[in-house]
Amino acid sequence: MNNAMTRRNFVSMSAAMMALGLVGCGSSATSDSSSDGASSGESAKKKVAIILDGPANDGGWNASCYQAMLDAAEELGWESAYSESVEQANWATTMENYLDQGFDLLFMPGNEFTDVSKQVGADYPDAHICLLNSEVSASNIVGLVPDTKQIGLLAGALAGILSKTGHIGFIGGVELDTTKNKLDYYTKAAQKVNPDIQVFSAYANSFMDAGKGKEIAASMLTTNSVDVMFGDASGIDTGARETMSAYEDVFDIGQPGDLGGADDPLIANSVVTDNKTMLKQAMKDVEDGVFGDKVIYGNLDNGGVSVGTFSKIVTADQQKQYLEYVDQIKDGSFL
C-alpha cells in the first residue's frame with residue numbers, strides 16, 4: 001500500500017459537535033451542516049465523513065479537502081464528520097465504524113487510500129466511498145480526479161512568465177502518479193513559454209515535514225538560483241514558503257486553495273482545485289440512487305480547476321499574457 005500522507009485546513013466546527021469515539025482516530029467529531037433538525041415525517045439527513053491521516057489544519061491538501069466536504073454538506077443539507085491524524089493501521093477500522101453508524105458516504109482524500117477503500121468496499125457492498133485522485137471505480141466506489149495535466153500546465157505557464165533566472169523549482173511530497181504528472185506538465189508548460197528554462201525538482205518523502213521543505217527550498221534557492229517554486233507537498237510547501245519569504249525576487253505558486261491575495265509578497269497566484277464540485281456530484285448520485293461505476297473529473301470547463309487571485313507582484317502585462325495561456329490550456333491549444 002502506498003504510504004503517502006494527506007493534507008489539512010482548520011475550520012471552526014459548530015458548538016453542536018459530539019465525539020464519535022471511533023477506534024484508531026487521532027480525533028473525530030460530527031457537525032450538523034444545517035440549522036434545523038429533521039422534523040417528524042421528514043427523512044433523516046444523509047451523512048458524509050472524511051478520514052485524514054494528519055491534522056485538519058495543515059494549511060494544504062487536507063485543509064482543502066476538509067473544507068470541500070463542509071461546504072458540500074452545507075449546500076446539500078447533509079451532516080458531516082471527520083477523523084484526523086488516523087494512522088494507516090487504523091484506516092479500515094475507522095471507515096468501518098462510520099459505516100456501522102450509518103454514514104451514507106465516506107470521502108477518502110487521496111489515492112493512498114485506494115487499497116483500504118477496495119478492502120472495506122468488498123466487506124461493505126452497500127457502502128458509498130469517494131476516492132480522490134484515483135480512477136478506481138466499482139459499484140460502491142467513485143473516483144474523483146482533478147485534471148493534473150491542467151494543474152501542471154497552469155503552474156508551469158505562470159512560472160515560465162515570472163522567472164528571471166530561467167531556473168524554476170518543484171517540490172513533491174511522495175512520488176505519486178498524480179504528482180509526477182503535475183511535474184511533467186509543469187515542465188512542459190514552462191519550457192513552452194521559455195525554451196531555455198531549467199526545472200529543478202525534489203521529493204521530500206513526506207507531506208508533513210516542514211523542516212524538510214525549508215531544507216529543499218534553501219538548496220534550490222542558493223545552489224540552483226531558483227526564483228519560482230511550485231509544490232505538491234502540503235506541509236512541505238509551508239516550510240518551503242517560510243524559507244522563500246526571507247529572499248527577495250522569488251515567487252511561489254500555490255495550490256490547491258487560493259492561498260495568496262492581491263498584497264501577498266510571495267505567492268504570485270494559485271492553481272485552485274475545487275474538490276467540492278466533484279464531491280457534490282458524488283453526494284447527489286447517492287441521493288439519486290445512481291452512485292458507483294464512474295469517475296468524476298474536475299477541470300477548467302466545470303470549475304473543478306481554476307486560477308486564483310493575482311498578487312500585485314505579477315504585472316498587468318504578465319497577467320494578460322498568463323490569462324491568454326489559461327484560455328489556450330482550457331481549449332487544448334496550448335501544447
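The values are calculated or read from the model by the stated rules, or taken from the named source; none is laboratory data. Since this is a predicted model, take the numbers as computed values, not measurements. All Cβ positions, glycine included, derive from the backbone under ideal geometry; neighbour counts span all protein chains shown. Remember, those area values only see protein heavy atoms, side chains included, never the ligands or the DNA or RNA. Shrake-Rupley method; radii C 1.70, N 1.55, O 1.52, S 1.80 Å.
Rundown of residues vs (1) in contact (Cβ under 8 Å) with a residue 40 or more places away in the chain; (2) open to solvent by less than 10 Å² (accessible area, probe 1.4 Å); (3) farther than 23 Å from G239 by Cα, yes/no style:
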| residue | (1), (2), (3) |
| --- | --- |
| T114 | yes, no, yes |
| I171 | yes, yes, no |
| Y186 | yes, yes, no |
| A189 | yes, yes, yes |
* Would you confirm whether any residue within region 205-226 is open to solvent by 20 Å² or more (accessible area, probe 1.4 Å), at pLDDT 95 or above and in a strand (DSSP E or B)? => no
Going through region 277-295 in order, the residues found to be assigned to a helix (DSSP H, G or I), in contact (Cβ under 8 Å) with a residue 12 or more places away in the chain and open to solvent by 50 Å² or more (accessible area, probe 1.4 Å) are Q281, K284, E287
Given the conditions (1) of a type outside the set (K, R); (2) out of contact with any Lys or Arg (no Cβ under 8 Å at 6 or more places or on another chain); (3) crowded, with 21+ Cβ neighbours inside 10 Å; (4) farther than 22 Å from Y325 by Cα, every one holds for A159 apart from (4)
Here the residues within region 191-203 that are open to solvent by 10 Å² or more (accessible area, probe 1.4 Å) and outside any strand (DSSP E or B) are Q191, K192, V193, N194, P195, D196
In the set G257, G261, G298, the lone residue that is closer than 20 Å to Y185 by Cα and open to solvent by 10 Å² or more (accessible area, probe 1.4 Å) is G257
The one condition N62 fails out of (1) in contact (Cβ under 8 Å) with a residue 12 or more places away in the chain; (2) surrounded by fewer than 24 Cβ atoms within 10 Å (Cβ to Cβ) is (2)
Selection over region 308-329 where residues are farther than 14 Å from K192 by Cα and without any contact (Cβ under 8 Å) to a residue 40 or more places away in the chain yields a count of 7
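Any residue in region 40-47 that is open to solvent by less than 60 Å² (accessible area, probe 1.4 Å), within 23 Å of the chain's Cα centre (by Cα), farther than 30 Å from D177 by Cβ and at pLDDT below 95? Write out each step before concluding.
Just the residues of region 40-47 that are open to solvent by less than 60 Å² (accessible area, probe 1.4 Å), to begin with: 45, 47.
Imposing the further condition that a residue be within 23 Å of the chain's Cα centre (by Cα) reduces the set to 47.
Those still in the list that are farther than 30 Å from D177 by Cβ too: 47.
This time we only want the ones that are at pLDDT below 95, so: none.
No: zero hits.
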